[in-house]
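The values are calculated or read from the model by the stated rules, or taken from the named source; none is laboratory data. This structure is a prediction, so every number in the text was calculated from the model and none was measured. Positions of Cβ are generated from backbone atoms using ideal geometry, with glycine treated the same way; all protein chains shown enter the neighbour counts. Calculation scope for accessible area: heavy atoms of the full protein, side chains included, ligands and nucleic acids excluded. Shrake-Rupley method; radii C 1.70, N 1.55, O 1.52, S 1.80 Å.
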Amino acid sequence: MGSLPNLHDLGKENVYIGYKPTAALGHLCGGQGGYILSEHERNKILYRHSAHAKVAKTRSYGNEPNKVMLDEMTIEHMAGYSPISNRSARHLHQIRRKDSLSSSIGATSVRRLIGVMRSGPSQTQRGTHRTSHLNKNNLIANLILLCVSHLTITATYHPYLALQSSLSVWAMSDELISLDINVGSLFLAMGHFCASVACLLMLPLNHRINSNILLSIAYFCLTIHYIMNLYPVLYLMIPSIMIFGISLGLMVNAQISCLMIIAIKLTNIYRVNDEDDDVRNIRYTCLIRRTARAFKGAQDFGLIIGSLISAIIIFWTIGNSNIENMQSVNTTTTELICLKNSSMSSKVNCSASMIEETTNEDYVSFLDDIFETVEGTRLCGSQACPSRFTLSYNESLTKYYFSLLPLSSRQYLTGLYALLCAAATALILTGMNTLKLYFHQDGGEKPPMMASIRSIKEAFRDYRLQLMAPLMFFIGLEQAFIYSDFGKSYVVCTLGVYRLNLVYLAMGTLQSVAACTLSMLLRSIRRYYIVAVGFTFHSCLMLVLILWKPMEDDPALFFVISAAWGVCNAIWEMLSFTLLTNQYAIDRWEAAFAVTSFYRLFGIGIAFTFHGILCNYVKLYGLSFFMIAAVVTFTYLDVRLENIKKLKNISRL
């Protein structure tokens, strides 16, 4: 038994089958990272492919001479000769099908098919959770509502983070427990630790409850948190900060789910019949980036609007004349000075009559008690260490005194934040359509809880997420540092509390411009070039913060540093998000985003914990170390993924 004698003649007319290579992933839609072969390399690979096709048609297996390598056209010719040939053709089809499944190409095709079936664009799957059909206009309207609601939440979250972590505005001592000026950062550390755990434990809720309902629940919990801050005593602040952490973790998962579901549905609308899988995946990735660009823009504008409104409220409640001459002519500062004297001597009682008789006092003396002084000068900048100023309690001043800011400032700010969160909740409940995942991406026949636990375990074991962990942890550290330590030891110590939110206004403005620019540049520039630019800029900023002694004579430098820090923050966030969408846009994106959010929130909690323990220069050195570790691991990961992508593009040819 040898090879059939007429195989060569039958397949002669189809010796060369035209080959049409698929488009590389980074070539369409301007995606960066695509590898394009030269003309010489393409001709060489096509020549080897055609030569291999010629030999494979007539060459038999070495160990099994009865088996013959046949192509599709030869089998079709054999089927027309006789029933025996037809049966032989069917038998060879079965052999070919089994061989292809066991080969690397067949396995890759099966995995790609499973990924497409799991990703969500296919709507004819068994056991899926169907949703109502939404057209293009409805999906765009849902995206606008999501961005507007996120803008309002960001307008409350970032100013609250800055005021509470640096000055402990929402903290009040009572007759049993005395709190110090650093207790606000401890509350926020507790809340972000709770949020980091909640974003992992509440992942199964994304498959039981609609994403828009989860988002409205998170916003409503934030509203309750701000309402409880109207009377921020210890027995109310502990449950309030737990509610804040749970709502923050729930909000992170729900927002990502809404973005990805909207991108999936838009991909289904623009889908063309008989479209290649790679082209559909490219379109899916491009739509995710566009929706994420709008979402990030809303976040930056929320920081701008929230900082501006908070600065106006603080400026108005403190008083314009007090800001100009740095003296207190209202009763609030008089109460503060009286409280300070009462804490030094038990004989002094700050009654209402004594408050009215007290003359004008210098407001700067109260700031000197919060910060350490050297020869009458406050120690600001990198040499500043955490102070131990106690927020003393006096029953006669409970209705007057509240922390560093006046009582009216706290009330107006808290009421505004609660109102904005309530508006975002109503907007999501009344405006957004039902958004629900089609099915659990890695569930199979298992319950959602077990499938979520399994996906989270696999995400923690994924080498890509392990190499991204230092970058996400560093993002959390640097965000917490700019809000707590820079705001307190640089801005408030030198310029005063009324300019604190204006500094973050400058940061949000330049951060929005940098994020929009980088999202377009990353389509044509390699990521490791952007990493090098971000590393250089951020290293220079840390060096400035270590060596610079802040002075009141150059207030513009505070705004420049915060704006440049916003650019660096935009670089790190954009790099991490684009890499996640490139690697996990099709499969297992829920667990990937949840794990990376866990690292970021955990980093914020660690930074807030050490806010009242370590000096600023130690924190800056620690930030530098973690930044170097993040840059090295992320660059190694990016280069490794680029090499894998090049090998895949060559194998397709």
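In the condition set (1) crowded, with 21+ Cβ neighbours inside 10 Å; (2) farther than 17 Å from residue 241 by Cα, residue 209 is compliant with all but (1). Residues of segment 579-608 that are among the polar types (S, T, N, Q) and open to solvent by 10 Å² or more (accessible area, probe 1.4 Å): 582, 583, 597. Of all residues in segment 545-564, those that are over 27 Å from the mean Cα position of the chain (by Cα) and not charged (D, E, K, R) total 8.
For segment 236-252, the condition holds for no residue, the condition being that it is closer than 23 Å to residue 136 by Cβ and either assigned to a helix (DSSP H, G or I) or of a type outside the set (Gly, Ala, Ser) (or both).
The rows are residues; the columns are (1) part of a helix (DSSP H, G or I); (2) at pLDDT 90 or above; (3) farther than 24 Å from residue 468 by Cα.
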position	(1), (2), (3)
538	yes, yes, no
545	yes, yes, yes
551	no, no, yes
562	yes, yes, yes
603	yes, yes, no
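Take the conditions (1) of a type in the set (A, V, I, L, M, F, W, C); (2) modelled with pLDDT under 95; (3) within 19 Å of residue 604 (Cβ to Cβ); residue 193 misses just one of them, which is (2).
For residue 644, state whether it is among the aliphatic types (A, V, I, L, M) and touching a residue at least 24 places away in the same chain (Cβ under 8 Å). So residue 644 fails the test. Residue count for segment 177-197 under the criterion of being closer than 26 Å to residue 455 by Cβ and open to solvent by 10 Å² or more (accessible area, probe 1.4 Å): the result is 3.
Only residues that are out of contact with any Leu (no Cβ under 7 Å at 6 or more places or on another chain) and either buried (at least 23 other Cβ atoms within 10 Å of the Cβ) or at pLDDT below 90 (or both) were counted across segment 501-510, and they come to 3.
For (1) of a type in the set (Gly, Ala, Ser); (2) in a helix (DSSP H, G or I); (3) modelled with pLDDT under 90, each residue gets a yes or a no:
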site	(1), (2), (3)
257	yes, yes, yes
274	no, no, yes
285	no, yes, yes
295	no, yes, no
310	yes, yes, no
316	no, yes, yes
323	no, yes, yes
336	no, yes, yes
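Selection within segment 514-525: residues that are in contact (Cβ under 8 Å) with a residue 60 or more places away in the chain and either open to solvent by 70 Å² or more (accessible area, probe 1.4 Å) or aliphatic (A, V, I, L, M) (or both). The member of this set that is nearest to residue 297 (Cα to Cα) is 515.
To keep it simple, each residue is scored yes or no on (1) open to solvent by less than 60 Å² (accessible area, probe 1.4 Å); (2) outside any loop (DSSP other than H, G, I, E, B); (3) closer than 29 Å to residue 154 by Cα; (4) at pLDDT below 75.
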site	(1), (2), (3), (4)
414	yes, yes, yes, no
422	yes, yes, yes, no
427	yes, yes, yes, no
437	yes, no, yes, yes
441	yes, no, no, yes
444	no, no, no, yes
451	yes, yes, no, no
454	no, yes, no, no
465	yes, yes, yes, no
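Among residues of segment 242-254 that are under 20 Å from residue 590 (Cβ atoms), those with a Cβ under 6 angstrom from a residue that is hydroxyl-bearing (Ser, Thr, Tyr) and open to solvent by less than 10 Å² (accessible area, probe 1.4 Å), sequence gap 6+ or separate chain, pair up as 254/211. In the condition set (1) buried (at least 21 other Cβ atoms within 10 Å of the Cβ); (2) touching a Gly at 6+ places or on another chain (Cβ under 8 Å), residue 534 is compliant with all but (2).
Report whether or not residue 486 is modelled with pLDDT of 80 or more, under 18 Å from residue 164 (Cβ atoms) and in contact with a helix residue (DSSP H, G or I) (Cβ under 9 Å, 6 or more places away or on another chain). Judged against the criteria, residue 486 is a match.
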